[in-house]
1. If you take every DSSP beta bridge whose two residues both sit in region 216-373, what share of them, in percent to the nearest 5, is antiparallel?
2. State, as an integer percentage, the relative contact order of region 5-264 based on alpha-carbon contacts under 8 Å between residues 6 or more apart.
3. Over region 464-631, what relative contact order in percent results from Cα pairs under 8 Å that are six or more residues apart?
4. Would you please give the residues with an amide H less than 5 Å from that of residue 133, counting only those at least 5 places away or on a separate chain, with H modeled from the backbone geometry?
5. Please report the antiparallel percentage of the DSSP beta bridges confined to region 1-151, to the nearest 5.
6. Quote the FRET efficiency, to the nearest 0.05, computed for residue 597 versus residue 251 with a Förster distance R0 of 45 Å and r equal to the Cβ-Cβ distance.
7. Using Cα centres only, tell me the gap between region 480-555 and region 189-207 in whole Å.
8. Assuming 0.36 nm per residue, please report the length gained on full extension of the stretch residue 244 to residue 19 beyond their Cα-Cα distance.
Amino acid sequence: MKKSLSVKIIESRLVNGNLRKGEEIAVKVNQTLTQDSTGTMVYLQLEAMDADTIQTDSSVAYVDHNMLQAGFENADDHAFIQSAAAKYGIIFSKPGNGICHQLHLERFGKPGDVLIGSDSHTPTGGGIGMLAIGSGGLDVAVGMAQGTYHLKMPGIVNIRLEGKRKPWVSAKDIILHILGKLTVKGGVNAILEYSGPGAADLTVPERATITNMGAELGATTSIFPSDDMTLDFLERQGRAEVYQPLAADPDAIYDETVVISLDEVTPCAAQPHSPDNVASLDAIGPISIDQVAIGSCTNGSYSDFMKVAAILKGRKVHPRVSLVISPGSSNILQMMAENGALADMISAGARLLEAGCGPCIGMGQAPKSGAVSLRTFNRNFKGRCGTMDAGVYLVSPETAAVSALTGKLTDPTSLGEDIRIPEPESYANSEGYWVKNTPRPDTPIEMGPNIKPFPIGSELETTLEAPVLLKTGDNVTTDDIMPSNAALLPLRSNIPALSNHCFSTIVSDFRERAQKANKGIVVGGDNYGQGSSREHAALVPLYLGVRAVIAKSFARIHQSNLVNAGILPLTFDNPEDYENLSEGDMLQIEDAGLQLERGLVTVINTTTGKSFQTTFTGSVRDAAMLKAGGALNYAAKGASHA
């Protein structure tokens, strides 16, 4: 059988399992990455596993999320992560160095490697030909300690890019166009593998923009071939030695093929409040705007910012608009400082933020009440920007820059001839922000007072009985379950404090409900847990006594995080049963462990006297972990997590 690129890489790294869609496999992990918002939990869990050494070729700990140091909490987290990095020989990226995904692409991306990261946008690495997968923090800790990662074998979907782009159509427009066609559930349980003449024309940074937002499609990951474009990028980064050509076989077999005609793509935007709510700029019209934010791991590249600088040069930001820029890495910031582009942007009236995630994750730069904010980011969930009634539109850097000048949503084609930015002969490679560690096992771990132990689940009861604490709608995000903003991000290492805000975008009293009931069940709709990889969306409900979530369907990473935490993820066999449940209903599962092993779980609603069927879609190993009360308990009982 002719093989896809994804199958070739998985086969080369396969530890156990069969490459049949839906069956659990384990692969060798070459690289891991963490960021500070999720990293504290990763390294607390690594410590709890009593790992002596790490088993990856390279692991990197980045600080890029929680960089506003309004109190001691974020700085304490940084010190904790840096001490753990020193103990285990993990490379440490200091605050200000840049965003993990942009930096990893520049300095560590290696075609053919398997990378897992405790951030949902880890698939950015697919732009350089890596199999890069976002996962929960515990999975990353296990990947470091044991060198393996478990997942269900995804389907392989070929996204074939045909035709030629029109002027001003960017990689961001392409992925928004794909999101509009496939929706936020279009890539669930699949690897999206790009091919075709349109793919060959894209640079690595452009490819990375597309693979980055594959996370918004729900995909396991996205990947491009490693080809001449890849070699060109690596040569300019001074890393040509890691290059290897990688591609699917001619006439490779795929589960599905989606053809995208690039000549049909026009400048577009994702409207509030979902990345797949996409329309052309013409269809949306010249709406008035208040804020423009350019940067993030989606559009933080050198070429992105050079285009912005070219558009802004000699012009002035509209008086009503606040324009903020945050480059993807310190190397890009340095290059723009040296070539004058930074001066052009500042002269036009742009506000400069340090290289990091910043406003993308709600860490500062919240817009005013009722504002319209254009952002080159990847998510526009309601309230994610820090202002609940703001409307966030996702656009390309070109659209963002020209709109900042006009004060309204503006098609960049109005500027006339397209802007082409040549790649630099070589990229900057500053070492000032890196701490290259060798393992020092006797390094003391720095634990500030805000760093609290993480909760650990308990063994599954023979008969599980608990009330429905909350019933949600479709597409509930991890931001809804565990909100993330400038006020709450410093609490990411303090689960008890975070629990005060659990589900606070949906109800104001979830913590009180949970404490009163002592334990409970959450009922969800389709695509429950979409968005970020943050395992806090499982750990905080665990802390509050949530024992099961019953939903129409789950986002992949969140379902894995629930299993790792020891919370049962069950799916309705009949969607009508969802309609018949109410908050406060008492639910009962008899012989819970035995039913999990069978995969078919009967739930009795003792309030109404009716029962309904659910399915557990996890593996035999997942069922064993849930019976033990989560992955760490499972490992402590002597069962291998590898």
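Every read-out reported here was derived from the displayed coordinates using simple, explicitly stated rules and does not represent laboratory data. In this text, all values refer to a predicted model and were calculated from it rather than measured experimentally. All Cβ positions, even for glycine, are placed from backbone atoms using ideal geometry, and neighbour counts span all protein chains on display.
1. Details: 4 of 12 bridges.
Expressed as a percentage, antiparallel bridges in region 216-373 total about 35.
2. Values: 576 pairs, mean separation 59.0, N = 260.
It rounds to 23 percent for region 5-264.
3. Across region 464-631, relative contact order equals 24 percent.
4. Residues meeting the amide H criterion: 115, 116, 117.
5. Numbers: 6 of 21 bridges.
Antiparallel bridges: around 30 percent, rounded to the nearest 5.
6. It comes to 0.65.
7. Using only Cα atoms, the two centres lie 35 Å from each other.
8. Separation in residues times 0.36 nm, less the Cα-Cα distance, equals 78.6 nm.
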